[in-house]
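The structure appears below as structure tokens.
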Amino acid sequence: MNKGRPTTIVIFGASGDLTERKLIPALFNLFRKGRLPENFKIVGMAGTVFTTESYLERLYQKLQQHAGYTFTEDEWQRFSGYITYFTGRASEVEGAQSLADSLAVLENGVVNRLYYMATPPGVFPDIIQSLGQVGMLAEDEGWRRVVIEKPFGTNLSTALQLNKQVHEWLHENQIYRIDHYLGKETVQNIMVARFANTIFEPVWNRNYIDHIQITVAEQVGLENRAGYYDHVGVLRDMFQNHLLQLLTLVAMEPPISFNADALRNEKVKVLTALRPLSGLEVTRNTVRGQYKGYAEEPGVDPKSTTSTYGALRLLVDNWRWQGVPFYLRSGKFLTEKYSEIVIQFKTPPHIMFPMRPGDEIRPNMLVLYLQPNEGIHLRFEAKEPDTVADMRSVNMEFHYKDSFGPTAVPEAYERLLLDALQGDASLFTRTDEVELAWRFIDPIMRTWEDLGMAGMTTYEPGSWGPIEADQMLARDGRYWVRGCQLC
């Protein structure tokens with residue numbers, strides 16, 4: 001284990017689903033791998049009444065359901081000895097002071113602290129203010145870092161206000177805005193594939209790339225999240241964070257180092273270069289849809305205009321990407337669950353080979369599969385044996401499970417929690433990133449809301465989404481690459 005100053009991990013909202021399904025399993029696995037600080041404590045706090053003993057019993061049951069790995073009783077007994085639970089509300093000064101007094105006794109000395117906001121977003125500012133008022137954010141003795149879950153605001157104005165509230169008590173280097181998508185090994189591999197392999201970077205530009213597609217498809221519907229999702233919709237839930245973050249990693253210039261600020265500086269440049277969409281441009285370059293039966297889902301407003309599917313055509317106005325369209329799409333209740341990035345290259349400018357009438361040479365494609373079946377596929381043309389010059393598309397494939405083993409890819413929260421503990425903010429979003437993403441999404445969101453059901457398309461549950469999304473690409477002479485069709 002890592003030596004150094006003792007560290008306390010404080011989880012607010014410790015009785016919630018995120019803590020039980022993601023945070024504790026991730027921390028437990030880091031403990032099993034020997035990656036947590038040598039002297040650490042985990043303190044959970046929530047309004048739900050538990051003793052530490054009853055809380056641990058609940059965690060053990062949830063771990064057996066959600067851990068995703070096997071563990072021994074001895075491992076759990078050793079890990080659970082580091083966990084303490086307090087009942088209370090840190091959003092109130094009295095609750096925060098009670099926690100501060102309890103931690104002073106529990107820690108008995110100078111420690112570092114990581115505070116994790118696993119609570120509803122509306123409570124973030126109140127908790128941070130209460131912690132600040134009782135002196136729990138001061139870095140006089142050890143560092144103090146705060147991990148804030150998404151969504152970070154619901155539009156530009158709320159994001160600006162939340163940043164203002166948070167910065168009243170915290171410096172930017174203390175704030176870790178988490179997007180769990182950036183913790184995925186396959187997302188991080190985008191940078192390695194681009195910048196550690198010289199075969200890609202020379203052709204990673206408008207001279208050779210025809211267009212890029214980014215898809216995050218979900219097979220499930222609401223899954224009892226109607227109270228949240230019906231007020232959020234696909235733009236807030238997926239595009240403002242996950243998909244725009246993926247776009248920045250694909251489109252950014254090479255950072256001068258893997259330093260957090262160098263990396264985030266390049267991502268900000270991409271967001272700054274996005275061509276704004278508003279008014280008629282939104283109607284021409286976006287598609288929004290709602291799956292049939294959504295308005296009948298329990299907890300959904302029968303007159304809901306919430307979009308469960310979105311497709312956007314974006315342009316990045318800089319030297320590298322001028323004129324190259326980026327097509328982004330995401331939706332619920334689609335045919336299958338997968339996330340991928342398709343880089344489609346241009347066709348050769350001249351075909352010297354004899355081809356049968358009607359035949360066309362297929363463009364090369366590089367596909368980064370983020371989930372499932374994580375890996376990379378490269379499609380290129382090869383001559384068919386025993387022909388004059390007939391060609392067929394073939395694939396070169398890399399799969400994580402084949403090269404590194406079936407359990408090689410850890411949960412995203414493991415990487416992100418470890419980075420936060422080590423002070424590496426590379427995979428966390430900075431203030432200007434958040435605000436720029438909202439500045440781009442806000443006009444689209446307002447246009448969609450102003451239109452209401454006018455312009456809303458519908459699609460069958462279990463389909464690939466509305467046909468209008470196919471038509472948007474067809475107008476450009478292109479089509480969606482669907483699922484693992486290149487495997």
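All of the numbers you see were taken from the coordinates with simple rules; none came from a lab. Nothing here was measured: the structure is a model prediction, and the numbers come from that model. Neighbour counts run over all protein chains shown; Cβ positions are idealised from the backbone, glycine included.
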On Cα atoms only, tilt of 431-451 relative to the major axis of the chain in degrees: 60 degrees
For 11, 148, order by how many other beta-carbon atoms lie within 10 Å, fewest first: 148, 11
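Under unit Cβ charges (Lys, Arg +1; Asp, Glu -1), what dipole magnitude, rounded to 20 debye, does the range 7-149 have relative to its Cα centre?
Result for the range 7-149 is approximately 460 debye, rounded to the nearest 20.
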Rounded to whole Å, sorted largest first: equivalent-ellipsoid semi-axes of the range 7-149, Cα gyration tensor: 24, 17, 13
Derived scalar couplings ³J(HN,Hα) [the range 237-247; Karplus, 6.51 cos²θ - 1.76 cosθ + 1.60; whole Hz; x for Gly, Pro]: 6, 10, 6, 4, 10, 4, 5, 5, 5, 4, 4
Gap separating the Cα centres of the range 266-330 and the range 81-126, nearest whole Å: 39 Å
Restricting the range 161-209 to trypsin sites (Lys or Arg not before Pro) in coil, as DSSP defines it, with at most 14 other Cβ within 10 Å: none
Which of 154, 175, 131, positive extreme of dipole for the range 126-177 (C-beta unit charges): 154
Cα point-scatterer Debye curve for the range 349-454, base-10 log of I(q)/I(0) at q = 0.11, 0.20, 0.24 Å⁻¹: -0.77, -1.06, -1.22
5 angstrom amide H check on residue 150, placed H, neighbours 5+ away: 178
Fraction of antiparallel bridges per DSSP, the chain only, in percent to nearest 5: 55 percent
Placed amide H near residue 291: partners under 5 Å, 5+ positions off or other chain: 308, 459
Proxy reagent accessibility, fewest Cβ within 10 Å first, across 117, 191, 136: 191, 136, 117
Low-density loop cleavage sites - trypsin sites (Lys or Arg not before Pro) in the range 427-487, where at most 11 other Cβ are within 10 Å (DSSP): 475
Positive-pole candidate from 323, 219, 196, dipole of the chain, charges at beta carbon: 323
Ranking of 378, 30, 451 by count of other Cβ atoms within 10 Å, fewest first: 451, 378, 30
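What does the charge dipole of the range 394-475 about its Cα centre add up to, to the nearest 20 debye, if the Cβ of each Lys and Arg holds +1 and the Cβ of each Asp and Glu holds -1?
100 debye
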Of the trypsin sites (Lys or Arg not before Pro) in the range 1-86, those whose Cβ has at most 16 other Cβ within 10 Å and which sit in DSSP loop: 3, 33, 35
Violating pairs (Cα-Cα greater than 25 angstrom) within the set 303/337; 184/337; 164/267; 337/401; 33/150; 22/184: 303/337; 33/150
Protection proxy ranking of 310-318, 275-283 - average other beta-carbon atoms within 10 Å, highest first: 310-318, 275-283
Within the chain: Cβ-based charge dipole about Cα centre, in debye rounded to nearest 20 (Lys, Arg +1; Asp, Glu -1): 720 debye
